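No lab work stands behind these numbers, since they all come straight from the coordinates. Note that the structure is a prediction, hence the values are computed from the model and not measured. Heads up, the Cβs are rebuilt from the backbone with ideal geometry, glycines too, and the neighbour counts pull from every protein chain shown.
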Amino acid sequence: MKASTTLPLSLLLPLLPVVLSTPFELLSKRPLASHEWTRSTSPNQPRANCPALLPAGEYEFPHYITQISASQPDKAYGAQYSGVFTPNDISSIFSFDIPASRTDANCTLEFIFPKQEDLVTSSYSISGGGTFVFEGYAPGSCPGAATTYNNQPDPGPFGAFPAVHLEPGYVYVLDVGPCFVGAGTCVAGRLG
């Protein structure tokens, strides 16, 4: 992840942010305090289990997640509930439907990576170096059940973000600025 919409990504959780504007570099990295992640888990709370640091109504969650594999370029994974990443092979694609209420919004591309012990209803595992690359696709070009490495969505107007080292317990801001996609448009990006 709006007169100031934040679109969050929590690795291997169905909270990835994708807002597209000009990608250049990591703008900031700051510790994620436990109280920023913790929120009520009551089903009566409309934002139960969402990061507490995200203002109500100010963020989007992924509406579709799938994987692609460089080693199995014609394999379609279909809809998935979480992201999977392996070095030089499996990447995950996250797509978001930007609602009409986001017209003229400013957007933030932010990856929120909580510590495992701060999670209540989810979990993840991570091993390896922790370096990731994010690449946005063209607005309106989003994945579906038949998406594969060989037929992934069309490339976006900008190249991939520079590689970023992600580690649990931090919030990473990659970009802030006007959303260049129109409200009501599907936007997607690949993290690998």
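One table, with the values for the structure above:
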item: Relative packing of 99-111, 69-81, which averages over residues the other C-beta atoms within 10 Å, highest first; result: 99-111, 69-81
item: Packing-based order for 134-140, 157-163, using average beta carbon neighbours within 10 Å, highest first; result: 134-140, 157-163
item: Charge sum, other residues only, whose C-beta stays under 12 Å from Pro155's C-beta, Lys/Arg counted +1 and Asp/Glu -1; result: -1
